[in-house]
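Presented below is the structure to which this report refers.
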Amino acid sequence: MLANLIVDSDYFRALRELSMYNEVVSEVTQRCKHAEPWATGTSRSPSTLFCLLFKAFTLRLTLNQMKGLINSTESPYLRCLGFLYLRYASPPDELWDWFCDYVDDPEYFAPSADPNAKTTVGEYVRKLLTDMKYYGTMLPRIPVKQERRIKMELVLKEENKERARANRAYLGDFVQGAKVRAIYSDADSAPAWYDAEIKEVHPAEASVDAEGNAAAGAAGASGEDPAFTVVFTEYGNEEVVGLGEIELPSKGGAVVENDAEEIARKERLRDEKFLEDRGYARRKKKRQINHPEGEDGEVGVKAKKQKGAGDELTKHLMKKVMQSDRHAVAARGRDYAARPASYKGSLSLKMDRYTHRKRSRSRSPGRRGGGGGGGG
């Protein structure tokens with residue numbers, strides 16, 4: 001529906017004269033005042049930004065043009081245009097790679113028509129990744145596998161921040177040659193802890209990437225934290241990690257992991273009690289007798305797979321994601337018992353300033369002249 005309204009709008013028709021990327025950028029900078037899909041005060045007229053977003057789809061932006069939008073310093077609405085373009089058009093398995101560096105972006109702006117309702121670009125990006133609704137419209141659905149990975153990465157980022165704060169107390173122990181554990185992940189493997197050794201320490205102002213190029217900072221590191229080049233002892237590869245992605249085996253991560261273990265223990269006890277009440281425990285025990293662990297049965301194969309290096313951290317992150325989802329569902333709920341609006345109450349509901357009404361039928365010729373009163 002929104003796309004049809006955009007195509008039929010007079011403003012979008014006027015945009016046919018624009019054929020260059022720079023012209024669209026100039027139009028966004030001059031005209032866009034919010035990032036909502038609807039024009040202020042209506043739910044039937046598309047906003048300027050969404051008309052320009054649709055125009056950007058027709059231009060098929062290049063990789064460099066996309067990077068120019070999401071890193072723009074001219075206007076936050078240029079960045080919104082870029083993020084929305086990616087959210088609508090990018091393959092789901094590439095979304096996190098595009099958005100991961102911006103979920104903590106501190107730039108303040110007003111995404112809605114209310115200039116006082118300000119938020120950060122980071123929070124705006126997080127909502128694009130985790131919410132399916134966008135100001136009354138639906139965003140493209142993200143498959144469950146990619147959605148869970150994105151939520152796990154977001155949880156891991158928050159834990160990295162907490163771990164970095166705890167590691168600052170032992171900053172003097174993170175020196176060249178120190179034995180540590182570091183987090184590693186890529187497109188094919190989930191985040192996991194691996195034994196590593198610090199090869200080089202990079203001060204915050206001189207952090208580098210894996211190729212040795214200067215960088216603002218590694219993932220999980222704030223502006224004042226150093227970065228570290230580590231060598232994973234089992235595989236021999238080198239990676240640059242932030243202070244939140246590394247820990248000393250004897251000290252690091254105590255607060256985060258102990259809390260996680262306690263939460264997991266309580267959830268396990270609660271789930272076991274629930275299953276026992278349903279009589280499920282007996283059926284589960286019977287299946288385990290037929291397929292004991294270590295054999296080629298389904299349970300045995302699953303048990304072997306769960307012994308991988310990344311399972312411990314992955315399970316912990318997934319439990320936090322599931323817990324957050326349960327809390328979100330419980331908080332949102334459904335107003336099944338809500339009373340419908342009364343007639344007088346419905347008259348006070350906010351309505352669009354501009355509406356499209358069907359044209360009333362004209363009066364018949366026989367009645368046009370008889371207006372004033374009694375006829376003869």
Open item on the list: Checking Y108 against (1) in contact with a Phe, Trp or Tyr (Cβ under 9 Å, 6 or more places away or on another chain); (2) over 27 Å from P191 (Cβ atoms): exactly one of these is not met. Which one?
Closed with: (1)
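Please work out if R44 is charged (D, E, K, R) and more than 23 Å from the chain's Cα centre (by Cα).
Spelling it out, R44 is indeed charged (D, E, K, R) and more than 23 Å from the chain's Cα centre (by Cα).
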Task: Positions within the range 17-26 being among the aliphatic types (A, V, I, L, M) and open to solvent by 90 Å² or more (accessible area, probe 1.4 Å), in sequence order - done: M20
Task: Only one of M132, M138 that is touching a strand residue (DSSP E or B) at 6+ places or on another chain (Cβ under 9 Å) and at pLDDT below 95 - done: M132
Open item on the list: So for the range 114-132 (the condition being open to solvent by less than 10 Å² (accessible area, probe 1.4 Å) and over 19 Å from the mean Cα position of the chain (by Cα)), does at least one residue qualify?
Closed with: no
- [ ] Taking L59 as the residue in question, decide whether it is surrounded by 14 or more Cβ atoms within 10 Å (Cβ to Cβ), under 14 Å from G82 (Cα atoms) and modelled with pLDDT under 95.
- [x] yes
Task: Members of the range 133-142 found to be touching a residue at least 40 places away in the same chain (Cβ under 8 Å), exposed (fewer than 15 other Cβ atoms within 10 Å of the Cβ) and part of a strand (DSSP E or B), listed by number - done: T137
Task: Qualifying positions in the range 27-47 - open to solvent by less than 50 Å² (accessible area, probe 1.4 Å) and more than 13 Å from L2 (Cβ to Cβ) - done: E27, V28, C32, H34, A35, G41
- [ ] Of all residues in the range 176-206, count the ones that are open to solvent by 70 Å² or more (accessible area, probe 1.4 Å) and not in a helix (DSSP H, G or I).
- [x] 7
Open item on the list: Condition first: under 20 Å from F109 (Cα atoms) and β-branched (V, I, T). Now tell me which residues in the range 16-48 satisfy that.
Closed with: V25, V28, T29, T40, T48
Task: Candidates K151, K161, K145, K127, filtered to the one that is assigned to a helix (DSSP H, G or I), in contact with a Gly (Cβ under 7 Å, 6 or more places away or on another chain) and within 30 Å of C80 (Cα to Cα) - done: K161
- [ ] Considering only residues that are touching a residue at least 40 places away in the same chain (Cβ under 8 Å) and more than 27 Å from N71 (Cα to Cα), look in the range 3-16 and name the one that is surrounded by the fewest Cβ atoms within 10 Å (Cβ to Cβ).
- [x] V7
Task: Hits in the range 121-148 (condition: aromatic (F, W, Y) and over 24 Å from K320 (Cα atoms)) - done: Y134, Y135
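The values are calculated or read from the model by the stated rules, or taken from the named source; none is laboratory data. Because the structure is predicted, anything quoted here is derived from the model rather than measured. FYI the Cβ positions are ideal-geometry reconstructions off the backbone, even for glycines, and counts take in every protein chain you see. Just so you know, the surface numbers come from the protein's heavy atoms only, side chains and all, with ligands and any DNA or RNA stripped out. Shrake-Rupley method; radii C 1.70, N 1.55, O 1.52, S 1.80 Å.
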